[in-house]
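Undergrad: Here's a structure for you.
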Amino acid sequence: MDNTLTSTMREKSSSSSVEPSEDTIVESAEDAQPTPPTLPLARYLILAAAISLGFFLALLDTSIVATSLYAIAIEFQEVDNINWVALSYTLAYLSCAVLFARISDVIGRKVAYLTAYAIFVAFSLACGWSKSLTQLIVFRALQGIGGSGLYSLSMILLPEVSSLKSQQYVGLLVGATLAMSGVMGPLLGGALTEYANWRWVFWINGPLGAASAGAFFLAWPDKKYLRPMKRRTWGEVDFLGSFLLVAAACLIVFPFQNSSSKTGQWSDPVFIAPLVVGVACAIALLVWQAVVERKWPHDMAAAFPMVLLRNRIYALAVVNSLLLGFVYLLAIFVFPIRFQVVNNKTPFQAGLMLLPMLGATALASYLGGAINSKRNWIPETLAAAGILMLLGCALEMTAGAGEALEPKVLGFLAFLGFGFGLSATCTTLTAIMEAPLQESAPAHGIIAQMRILGGSLGIAASSAILGVKMKDHVTATLSSEQRDQLGDVGSAAIYQAAEKQAIRDAYTAALRTDMAVCCGVLAAATLCAVAMYKKTGQRVSLVEMQKRQREAAARMQQAGR
């Protein structure tokens with residue numbers, strides 16, 4: 001047994017002074033296993049750092065290409081499909097997160113994590129050696145499979161290897177890593193593209209990944225430091241559910257992204273057919289998961305456990321993650337492109353413009369963990385996060401189309417960053433506190449998937465909106481050949497000499513529409529947070545939950561188990 005699940009356990013004792021709500025999942029007594037010895041501090045710090053670096057690299061590659069797309073489009077002289085460099089990674093990334101978590105129940109966390117790292121590093125290097133855009137898109141998809149494993153397994157491993165005392169800081173660490181990677185991606189991508197070559201955006205994962213994987217391998221603890229876990233067999237892995245999840249995600253995102261470079265496509269079969277099939281796959285997934293739970297509750301590990309969806313708090317946190325992910329990843333891609341096209345900034349300068357967002361997100365990640373470790377204010381914190389992001393998006397709609405950068409644009413981005421930082425910490429804590437012990441792995445994986453699914457939809461939606469605005473504002477100024485290549489993020493950079501101000505106007509109109517859409521999405525996210533409300537007496541904080549774990553473990557030891 002090479003792992004432990006220390007994430008969450010609810011006590012059955014009716015004598016507890018804090019009564020669980022109807023949404024709280026109560027664990028069986030067998031979950032209250034004796035607490036293993038605490039890992040030596042030095043070894044724990046090395047292990048946590050190695051896991052966090054893998055988590056950071058997987059997240060970094062969702063946004064690092066945001067400031068490199070121009071250079072890639074120009075080198076390959078292919079614009080129409082350039083956004084697939086980003087989307088191929090995020091779609092593979094979200095599609096395999098829960099599957100990797102389930103596979104780790106079969107082969108063990110250590111082997112699964114190192115396998116994910118090997119896939120991620122190998123295809124990162126392959127991306128750097130790509131000789132065509134098609135090769136790059138394919139290698140990015142394969143890289144995303146490894147990245148999905150690093151993401152979901154890091155979310156599982158960090159609570160598992162941490163002592164009960166240290167677990168209260170896990171949400172803070174996860175939130176801070178999410179924040180730093182989101183904004184460091186465009187910044188680092190811009191620096192490497194401007195001062196080296198866009199290929200180093202991918203090659204940098206080689207040495208960093210090797211160092212992190214080596215440290216993880218050497219610091220992995222002995223069995224005595226790990227709580228035993230029930231290992232599953234390959235026959236228990238829900239491959240059909242995983243396939244339906246992949247199909248639903250890809251087919252729903254594809255038509256929106258594809259529509260960005262085609263005119264009059266919203267009513268065409270090429271748009272409607274994959275969207276309808278994708279929605280059908282999503283419905284089939286829910287039906288299949290209900291069948292699995294009813295017929296094989298103990299014989300198959302569901303890809304999307306229905307027990308989690310029946311938990312009101314967790315289910316709403318999943319929806320909240322999807323909606324906020326839509327806005328955050330959209331902003332990560334839209335604003336660096338805008339800074340380069342409208343404000344004439346270099347890739348590195350465009351990345352620097354996101355630093356206010358980074359600082360706000362890091363600060364909010366810390367505050368979110370500090371606020372909710374001893375008192376459970378998660379619904380209120382998530383509601384505040386949604387309101388702050390909504391305010392930031394509404395204010396961004398006032399941005400002008402002039403070449404001079406308006407400082408207010410950077411200040412408004414800080415609202416988005418602060419709100420996302422609060423939410424990232426809170427959703428991680430929700431997975432820890434609300435998911436039953438045996439579903440801890442998919443609980444973290446599902447939240448990871450939904451955040452990236454939302455981001456993928458955000459990127460695709462922004463591409464579709466930009467395509468419409470470019471055709472509306474710029475068509476009359478370009479030749480027929482140039483008009484055929486409008487609509488993707490790289491096209492304006494290549495053809496902006498034709499009519500600079502018209503292109504600035506198009507990008508500004510697209511930004512305003514993007515932000516209007518985001519305001520609607522954030523209003524829904526805020527309503528989800530409000531719906532998570534529970535009476536104060538029904539809430540259990542992370543510290544209180546850990547106290548109950550220790551008491552239950554002590555009682556079990558006294559009973560001779």
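The values are calculated or read from the model by the stated rules, or taken from the named source; none is laboratory data. Quick caveat, the model's predicted, so the values are computed rather than measured. Ideal geometry is used to build each Cβ from the backbone, glycine not excepted, and the neighbour counts take in all protein chains shown.
Undergrad: Which residues, counting only those in the stretch 58-92, are in contact with a Ser or Thr (Cβ under 9 Å, 6 or more places away or on another chain) and among the polar types (S, T, N, Q)?
TA: Thr62, Ser63, Thr67, Ser68, Asn81, Asn83, Thr90
Undergrad: Considering only residues that are of a type in the set (Phe, Trp, Tyr) and under 21 Å from the mean Cα position of the chain (by Cα), which ones fall in the stretch 273-317? Walk me through it before giving the result.
TA: Initial filter on the stretch 273-317 (of a type in the set (Phe, Trp, Tyr)): 288, 296, 304, 314.
Selection gives Phe304, Tyr314.
Undergrad: Additional query: Return only the number of the condition from (1) assigned to a helix (DSSP H, G or I); (2) more than 25 Å from Leu87 (Cβ to Cβ); (3) touching a residue at least 60 places away in the same chain (Cβ under 8 Å) that Gly402 does not satisfy.
TA: With (1) assigned to a helix (DSSP H, G or I); (2) more than 25 Å from Leu87 (Cβ to Cβ); (3) touching a residue at least 60 places away in the same chain (Cβ under 8 Å) applied to Gly402, the lone miss is (1).
Undergrad: Check the stretch 218-236 and report whether any residue there is within 23 Å of the chain's Cα centre (by Cα) and in contact (Cβ under 8 Å) with a residue 60 or more places away in the chain.
TA: Initial filter on the stretch 218-236 (within 23 Å of the chain's Cα centre (by Cα)): none.
For the stretch 218-236, residues within 23 Å of the chain's Cα centre (by Cα) and in contact (Cβ under 8 Å) with a residue 60 or more places away in the chain: absent.
Undergrad: Moving on to the next point. Kindly indicate whether Gly458 is touching a Leu at 6+ places or on another chain (Cβ under 8 Å) and either more than 30 Å from Ala502 (Cβ to Cβ) or of a type in the set (Asp, Glu) (or both).
TA: No; evaluated as a whole, the condition is false for this residue.
Undergrad: Which of the following residues is closer than 30 Å to Asn343 by Cβ, at pLDDT 75 or above and of a type in the set (A, V, I, L, M, F, W, C): Leu47, Leu59? Give the steps one after another, and end with the answer.
TA: Details: Leu47 fails: closer than 30 Å to Asn343 by Cβ.
After ruling out the rest, the residue left standing is Leu59.
Undergrad: May I pose another question? Would you point out the residue of the stretch 422-447, among those that are within 22 Å of Tyr366 (Cα to Cα) and polar (S, T, N, Q), that is modelled with the highest pLDDT?
TA: Ranking the qualifying residues of the stretch 422-447, first place goes to Ser423.
Yes/no matrix, rows are residues, columns are (1) outside any loop (DSSP other than H, G, I, E, B); (2) at pLDDT 90 or above; (3) more than 19 Å from the chain's Cα centre (by Cα):
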| residue | (1), (2), (3) |
| --- | --- |
| Tyr117 | yes, yes, no |
| Leu136 | yes, yes, yes |
| Ser152 | yes, no, no |
| Gly171 | yes, no, no |
| Thr177 | yes, no, no |
| Met184 | yes, no, no |
| Leu187 | yes, no, no |
| Leu192 | yes, yes, yes |
| Trp198 | no, yes, yes |
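Undergrad: Based on what the data block shows, is Arg294 within 30 Å of Leu527 (Cβ to Cβ), surrounded by fewer than 24 Cβ atoms within 10 Å (Cβ to Cβ) and at pLDDT 85 or above? If you could, list the steps in order and put the result at the bottom.
TA: Values: within 30 Å of Leu527 (Cβ to Cβ): no; surrounded by fewer than 24 Cβ atoms within 10 Å (Cβ to Cβ): yes; at pLDDT 85 or above: yes.
Here the answer is no, as Arg294 does not meet what is asked.
Undergrad: Here is a follow-up. How many residues are under 20 Å from Pro379 (Cβ atoms) and assigned to a helix (DSSP H, G or I) when one looks only at the stretch 416-443? Explain how you work it out, then say what you get.
TA: The initial filter retains those residues of the stretch 416-443 that are under 20 Å from Pro379 (Cβ atoms), namely 418-435, 443.
Imposing the further condition that a residue be assigned to a helix (DSSP H, G or I) reduces the set to 418-434, 443.
Counting residues in the stretch 416-443 that are under 20 Å from Pro379 (Cβ atoms) and assigned to a helix (DSSP H, G or I) gives 18.
Undergrad: Against the definition (at pLDDT below 60 and under 25 Å from Leu416 (Cα atoms)), how does Val521 come out, yes or no? Let's see the steps before the verdict.
TA: Values: at pLDDT below 60: no; under 25 Å from Leu416 (Cα atoms): yes.
So Val521 fails the test.
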